[in-house]
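As structure tokens, the structure follows; a few thoughts come after it.
The values are calculated or read from the model by the stated rules, or taken from the named source; none is laboratory data. On a predicted model such as this, the values are computed, not experimentally measured, just so you know. Don't worry about glycine lacking a Cβ; one is built from the backbone with ideal geometry, like all the others, and counts go over all protein chains shown.
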Amino acid sequence: MQKGIIRLNNPPSIAATGNIVGKKEHEGPLGKYFDGFDETDTFGMPTWEQSESEMQRLALNRALDSGGYKIHDIDAIFAGDLINQCTSSGYGLANFDAPFFGLYGACSTIAEGLMLASMTVSSGLLNRAAAVTSSHNCSAERQFRYPLEYGGQRPPTAQWTATGSAAFIIEGHNKPPYISEVLPGRVTDKGINDANNMGAAMAPAAVDTLKRYFDESGKSPDEFSAIFTGDLGWEGSGILVDFLRAEGIDIARVHRDCGLLLYDRIGQDVHAGGSGCGCSATVLSAYIMKKLADLELTDILFVATGALMSPASLQQGLTIPGVAHLVRITMSGSTEAKNG
């Protein structure tokens, strides 16, 4: 049974993508790359949860429009978010006439969606599939920590849940970029139970996934243009680099974290950086995809991490398991693609 790297013999294409973000994300270092934003973060809706659903609708429509597709061209949608029972996805995508698979991978959801979409398309089971996710700062804080109106003080390890949504259209091998390999993550729990320290909770899962990848593939980190992790932030990124170095794997030169790219960590006062499903998803959709198109990046590992907690588990004081899913994206259709 396959438990390691899944090499896609017919690597599917990331055919189109779309994204939308909030005001704070637009004001950050990557602001110019995003397709759109809303100054009010409401997206014209009366509640934060409905605002998040509207972001998913807008992001998927932008992806369809950018690729010249209609919804009937999509064989399935893989989507998820942070809100209980993935309600943002269910409501936001309810009017799209396509089969729907609801996912929960926390902040790793976009990698999970891309993985499932690419495997089903590569195998020929589907011709074209969409992967969609979102997060909203106000809806997530209300669910997992405190409503913003409470005015609670955030510790230095806390990360800022991104307001944003991204959608990707995956189709059969056509043109770059391609998804050439995937490695499903394993649940990893090292005893962190602080909901304001997501980086420490998720970093061990990223260590596990990347170590498994390098051990099995025989590759070294320097063979890649970059290794992007999803939302480890300042705290988790340091843990990841140090723990991998102890295993004889040095990723420091090529490592980038989406939670540190999305915001000016000091200037925008986001403490340890960004987090949330929308963080790594929008950074991939807007920034990383542009760098791939410009051939500034040609072969990358995208490792989105998620903290698999719930309001109930937090209230019960349980530890926070993490997971990290790996997706290899190349500008060559071969799994032996090298840097340009």
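If the condition is being out of contact with any Ser or Thr (no Cβ under 8 Å at 6 or more places or on another chain) and hydroxyl-bearing (Ser, Thr, Tyr), then the range 199-254 contributes 209, 213, 217, 220.
So residue 95 passes all but one of these: (1) surrounded by fewer than 20 Cβ atoms within 10 Å (Cβ to Cβ); (2) within 27 Å of residue 23 (Cα to Cα); (3) in contact (Cβ under 8 Å) with a residue 40 or more places away in the chain. Which condition number does it fail? For residue 95, the exception is condition (3).
Please go through (1) of a type in the set (A, V, I, L, M); (2) modelled with pLDDT under 95; (3) in contact with a helix residue (DSSP H, G or I) (Cβ under 6 Å, 6 or more places away or on another chain) for residue 239 and return the number of the only condition it doesn't satisfy. The number of the failed condition is (2).
Counting only residues that are out of contact with any Gly (no Cβ under 9 Å at 6 or more places or on another chain), surrounded by fewer than 23 Cβ atoms within 10 Å (Cβ to Cβ) and not in a strand (DSSP E or B), the range 68-87 holds 8 of them.
Residues in the range 262-269: is at least one modelled with pLDDT of 95 or more and buried (at least 18 other Cβ atoms within 10 Å of the Cβ)? There is at least one residue in the range 262-269 that is modelled with pLDDT of 95 or more and buried (at least 18 other Cβ atoms within 10 Å of the Cβ).
Residue-by-condition table, conditions (1) surrounded by fewer than 20 Cβ atoms within 10 Å (Cβ to Cβ); (2) in a helix (DSSP H, G or I):
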site: 4; (1), (2): yes, no
site: 9; (1), (2): yes, no
site: 16; (1), (2): no, no
site: 24; (1), (2): no, yes
site: 40; (1), (2): yes, no
site: 66; (1), (2): yes, yes
